[in-house]
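In what follows, a single structure is set out as C-alpha cells and then discussed.
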Amino acid sequence: MTAKRVTGLLFGATLAAADVCTAAAALPQTAPDPYERGMALVERGDVEGALTLWIGARDSLSAEGAEDARIGTAFIRAVTESEFERFEEIATVMFYWGFSGVATERTRDEILAEGRRTFTLADSTAVEYWDAVGRQDAGGLALAVKRFWIERDPTPATLLNERLIEHWRRIADARRDFVYNRSSAYGTDDRGTFFVKYGLPDRVTRGHLRVSESERRSMNLPVDYIARFDQQPQYEIWRYATMHPGEFTYFLFGNTDGTGPFRHVQGLHEILSPSARTSGEARYGGIRAQYYLEFFYYEDLARMGGPYGLRFGELERLWFSSRRVTEGTLEAISRRHIADDQWAGREPLPPAISEYDDRLRSALSAQAARVLEGGEPRLLVMAVSSPIWLPGTAEGAIRDSVTLAPYTASHTVIARDGRLSEIARAGMLPVDGPGHLSTLVLRHQNEIRHLSVSARHDIQEEEALDAGSRLPGQLHFIVNQPLGATAKDTAGGRGGPERAEPAVLAATTDFEVSDLIVGIAPRPELDLGDLPVPLLPATRFWRDDPLRVYFEVYRPERVAAGSLELRVYLNPVARTNPAVPLPDVDESDLETAAVFVTLESPEAHEGHFFDLDLRNERPGLLRVVLEITDDETGATRLRVTPIRLLEN
C-alpha cells in the first residue's frame, strides 16, 4: 500500500433550487375527494375536465402534504388510454407527485397495486419483496416505485419520461386486447403481462386444439371414445425473435386442464384434460387417451413450427412407422417433452424489453463520494464518458486507419430530496478540455438523498450515427447522511454503512473517513491534470485492470497524529437483482481480509490509496469493504462500494 497526501479538494459549489414543473392554478374544491370527482368526470366522458381538475388539486393537496397515488395513476392512465400526447409531460410529473412517499388509508391499496404493476417488470422475487415492504410501509413502497421510474427515464434532463409513458400505453392496449380473465397485476390475462413486459411478439398462432374427423379416422378411434376426452381447449403461441440472440423464444397460453382458466403454461401437458391422463377407461387399444391427444394437438401447435413442429414430426413418424407403437414408448417421449418444457421454463429471461432499453446510450462511469472540506460536508462527484457510434472507413482505407470522430462531453448532476423531488441541478466542470472527465463538489446539505448523473455528447461528424438513436448515459446514487452527522450509528460499525435518515451536523467530529472512490491506476506517463484523486474513475473492471481504491481520513487538529489499522475485504455478491436492495454488510462478510496493514497518519487531513489484484477473483458483482480504526481515538469506520468484474 502506498500513502499519498492530497490537499485542496478542488472547489466548492452550491446548487440553486429548481422547480420540476409549473402546474395549472388550483381549482376550488367543493367535494372532499378530488380523485373521486375526477373519476366521475372520466366516467361521463369528460377526460380533459378530469385532467384539469387533478392538475389543480395537485397544488392544494401538496400544500397540505397530502399527495395522492390514486390521482397519479388515474392521470397517466387517462392520458395514455385517450392518447393525449400533449399531456404526457405533465402525466409524468403527476405520476411522480402521487408517489412521493405519502400513504393514507385511501391510497394504500393503490400503492400496493402499483408496486405489483411496476416490479413485475423485474421478476417475482422483486414483487414479493416490495409487496411485503408495502404492507408494512406503503410510503416506502411509493418511493421505491418513483425511484424505479426515475432511474429508467431515457432522457433524465427533460420532464417527459418516455419509458414510463410507453409502459402505460402498453397497459392500455393490454386492457383492451387481453381480457379472457383479469388475473394479472394489470387487470388482464397472462398475455397482458407478457405484452406489458416485452411488447408485441413477432408472430402469433391461435385457435382451438381439437381432434378432427379425418384425424380420428386415421387412428380408427371410436367417436364416443375420443369425444369424452377432447375438451377442445383454446390456445395461443407467442414467438419473440430478439429475446435471445440467434434463437426464437416461445410462450404457450391455453385453458389449463382443458377447460380451466386461460393462462401461460409451460407445455401441452398442462392443457390436456386430467381424465385423459388417467388409466382404466381412458385406454383404447392399450394406449391412454393422453397420447392420442398429444399427437393430434401437436399437429395444431405445429403451425408455429419450432419445437412444436419437431415434436409433431417425431410423433408422426412413430405412429405411422411399420412397427406397432407401444404406450411405454409414447410415455417416454411425453416425459421427455415435459422435462424439456420445464427446463426451458427455467431459462433466464430479460426483465423487460423496450425500444428505449435497446437503443444505444453514451458510455458513462460516475461516482459520488461523501468528503469533508474544511470540516464541512461535501459531495464529490466524478464522471468520465464517451459516445458510442459506428465508425466507418473511407473507400480504399485500410482497417488500421479507422479513427473515431472528435466529440465533446457535458455532464449534469441532478440532486433530489428524500421524497425524490428535484431540488437542484448543475453542470459538472471538465478536468480535461473536451469534457471527457468532469468533477463537481457540492455542499452536502442534509436533504440531498439521491443523485443522478447524465452524460451528453456532441459529435463533430454527426453522420457517424443518427443522433435520434443515441440516448444520454446516466447513473444514479442513493446518498447517505453527511459525514460528521449526529445519528444513532455515525461510526458505521459492523452493522453497515450509514442509513439515509435525518440528522443534525455535529460541530466537530473526532474521526471521519470519506466514502471509497475506485478506479484504474493511471500509467506513469499520464498527466491527471486537476483530477482530485490519483486514479481514473471506473466501477467496471477486467481481471487485468489494476484496481485502485482511494479514501480520505479526517481528524480534528487537536488530536495528535496516530496510526490507522486497515482491513480490506473483497466480497462477492451472489444476488444481483437491481430491483431489490443489496443486504447490509454483516460479520459473515468480514471473515478474510484481502489487505491488512497499519499506516502512520501524521496529518489531520490525508488522502490514501491502495491497489488490489483482481486476477484471482470470479466475474460478477463484488463489494470492496474497508474497515478502518484510528488508534488515537479508538473510532472505527466501515466503508463499502460495489464494483463489477467483467468476463474476459
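Structural remarks
- Check on LEU465, of a type outside the set (D, E, K, R), surrounded by 17 or more Cβ atoms within 10 Å (Cβ to Cβ) and modelled with pLDDT under 95: yes
Residue by residue, here is whether (1) modelled with pLDDT under 95; (2) in a loop (DSSP other than H, G, I, E, B); (3) over 30 Å from GLY374 (Cα atoms); (4) among the β-branched types (Val, Ile, Thr) holds:
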site: PRO391; (1), (2), (3), (4): yes, yes, yes, no
site: ALA397; (1), (2), (3), (4): yes, yes, yes, no
site: ASP400; (1), (2), (3), (4): yes, no, yes, no
site: LEU404; (1), (2), (3), (4): yes, yes, yes, no
site: ILE414; (1), (2), (3), (4): no, no, no, yes
site: LEU420; (1), (2), (3), (4): no, yes, no, no
site: GLY435; (1), (2), (3), (4): yes, yes, no, no
site: THR439; (1), (2), (3), (4): yes, no, no, yes
site: ILE448; (1), (2), (3), (4): no, yes, no, yes
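- As for segment 570-590, it holds no residue that is over 34 Å from the mean Cα position of the chain (by Cα), modelled with pLDDT of 80 or more and β-branched (Val, Ile, Thr).
- Among residues that are in contact (Cβ under 8 Å) with a residue 60 or more places away in the chain and crowded, with 20+ Cβ neighbours inside 10 Å, ALA122 is not included.
- LEU372 within 30 Å of ASN480 (Cβ to Cβ) and open to solvent by less than 50 Å² (accessible area, probe 1.4 Å): yes
- Screening ASP458, ASP515, ASP510 for residues that are within 30 Å of SER354 (Cβ to Cβ), modelled with pLDDT of 65 or more and either in contact with a Ser or Thr (Cβ under 9 Å, 6 or more places away or on another chain) or open to solvent by 30 Å² or more (accessible area, probe 1.4 Å) (or both) leaves exactly one candidate, ASP458.
- Inside segment 78-104, residues that are closer than 14 Å to ARG163 by Cα, of a type outside the set (A, V, I, L, M, F, W, C) and buried (at least 17 other Cβ atoms within 10 Å of the Cβ) make up a count of 4.
- ILE237 meets the stated requirement of being touching a strand residue (DSSP E or B) at 6+ places or on another chain (Cβ under 6 Å) and under 30 Å from SER354 (Cβ atoms).
- Within segment 341-362, the set of residues being over 30 Å from LEU268 (Cβ atoms), in a loop (DSSP other than H, G, I, E, B) and of a type in the set (D, E, K, R) comprises just one member, ARG359.
- Once segment 134-155 is narrowed to residues that are open to solvent by 40 Å² or more (accessible area, probe 1.4 Å) and in a helix (DSSP H, G or I), the residue that is nearest to ARG170 (Cα to Cα) is ARG147.
- Scanning segment 357-366 for residues that are surrounded by fewer than 23 Cβ atoms within 10 Å (Cβ to Cβ) and at pLDDT 90 or above gives LEU364, SER365.
- Subset of segment 240-275 [open to solvent by 20 Å² or more (accessible area, probe 1.4 Å) and touching a Gly at 6+ places or on another chain (Cβ under 7 Å)]: PHE248, TYR250, GLN266
- Qualifying residue in segment 282-295 (condition: acidic (Asp, Glu), open to solvent by less than 50 Å² (accessible area, probe 1.4 Å) and either over 21 Å from SER214 (Cα atoms) or not in a helix (DSSP H, G or I) (or both)): no
- Any chance ARG558 is part of a loop (DSSP other than H, G, I, E, B) and modelled with pLDDT of 65 or more: no
- Any chance ALA113 is modelled with pLDDT under 95 and either open to solvent by 30 Å² or more (accessible area, probe 1.4 Å) or not in a loop (DSSP other than H, G, I, E, B) (or both): no
- Scanning segment 80-103 for residues that are under 19 Å from ARG419 (Cα atoms), within 29 Å of the chain's Cα centre (by Cα) and basic (Lys, Arg) turns up nothing.
- Matching residues, segment 286-310, being in contact (Cβ under 8 Å) with a residue 12 or more places away in the chain and either in contact with a Pro (Cβ under 8 Å, 6 or more places away or on another chain) or closer than 12 Å to TYR250 by Cβ (or both): LEU301, MET304, GLY306, PRO307, TYR308
The values are calculated or read from the model by the stated rules, or taken from the named source; none is laboratory data. Because the structure is a prediction, the values reported are computed rather than measured. FYI the Cβ positions are ideal-geometry reconstructions off the backbone, even for glycines, and counts take in every protein chain you see. Only protein heavy atoms, including side chains, enter the accessible area calculation; ligands, DNA and RNA are left aside. Shrake-Rupley method; radii C 1.70, N 1.55, O 1.52, S 1.80 Å.
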